[in-house]
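The values are calculated or read from the model by the stated rules, or taken from the named source; none is laboratory data. Since this is a predicted model, take the numbers as computed values, not measurements. Because the Cβ atoms are built from the backbone with ideal geometry, glycine has one as well, and the counts that use them run over all protein chains shown.
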Amino acid sequence: METASPSVRYVFLGGLAAFVAQVALAPNCAIAGVVPNLMIVATALTALSHSALRACVFGFVVGMLYDLASGGPLGVMALVSCIIGYALSTVTKGSFSESLLAKMAAVVLAALFGEMLHALVLGIIGYSADVLHSLVFVALPGVAFDALIGLVALLVLNALGSRKGSGRSGLQMDYRSGAPAGPRLRMGSHRRLSTTGPSSRRMPRASSRRLRKRKFD
């Protein structure tokens with residue numbers, strides 16, 4: 001029976017944590033009636049480090065959970081998050097993997113695009129009466145809120161990743177020369193090799209001395 005890879009597990013746990021935080025914590029952190037959308041943030045962070053297909057599926061699932069929990073039109077946030085995941089993963093594939101500033105800019109753009117698209121779709125289907133009011137007084141403050149949370153989460157993940165990478169490289173590098181460490185010998189075997197090496201080199205000298213003494217005798 002095959003088991004899921006660690007990356008898939010992390011994505012699943014991250015989506016679950018984002019959904020729980022959206023339901024339990026986000027309403028209590030609302031400012032002037034604006035609630036942060038953690039599904040957009042989670043989808044953007046997933047798209048920066050995973051394939052377009054995985055980010056798209058992740059965005060659809062967490063967006064659908066958001067729609068079910070919020071009581072809004074079913075499928076709107078699922079559509080928005082799916083587009084964000086696919087587009088961001090496709091655009092940043094291979095070029096933004098090492099730049100922290102580029103990742104931060106991508107998170108901000110994802111928050112802007114997601115909040116604006118969500119407000120527009122709600123206005124198009126008639127769920128929001130005043131689209132302009134939703135864009136100015138709901139979407140734009142939501143962009144700032146989402147971008148701030150996304151940047152903090154990105155910095156935390158980047159710090160954890162760099163610390164984990166430095167720990168692995170430190171274990172794999174030799175402390176003397178900086179080269180990759182080879183197979184290590186036990187202390188006992190190292191001592192045996194160090195003691196037997198010089199003695200084996202001295203054996204020809206000792207045998208030659210004995211032969212000289214026998215000739216003189």
Which one of these is surrounded by fewer than 21 Cβ atoms within 10 Å (Cβ to Cβ), part of a helix (DSSP H, G or I), out of contact with any Pro (no Cβ under 9 Å at 6 or more places or on another chain) and at pLDDT below 90: L109, L101?
L101
Flag if G94 is within 26 Å of G161 (Cβ to Cβ) and at pLDDT below 90
yes
Going by what's in this entry, would I83 be described as in contact with a Cys (Cβ under 9 Å, 6 or more places away or on another chain) and touching a residue at least 24 places away in the same chain (Cβ under 8 Å)?
yes
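Tell me, please, whether a residue that is over 20 Å from L112 (Cβ atoms), of a type outside the set (S, T, Y) and either surrounded by fewer than 24 Cβ atoms within 10 Å (Cβ to Cβ) or not assigned by TED's automatic domain parsing to the domain that holds V108 (or both) can be found in the stretch 29-49.
Looking through the stretch 29-49, none of the residues is over 20 Å from L112 (Cβ atoms), of a type outside the set (S, T, Y) and either surrounded by fewer than 24 Cβ atoms within 10 Å (Cβ to Cβ) or not assigned by TED's automatic domain parsing to the domain that holds V108 (or both).
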Conditions (1) over 21 Å from the mean Cα position of the chain (by Cα); (2) over 16 Å from V143 (Cβ atoms); (3) at pLDDT 90 or above; number of the one not met by S51
(1)
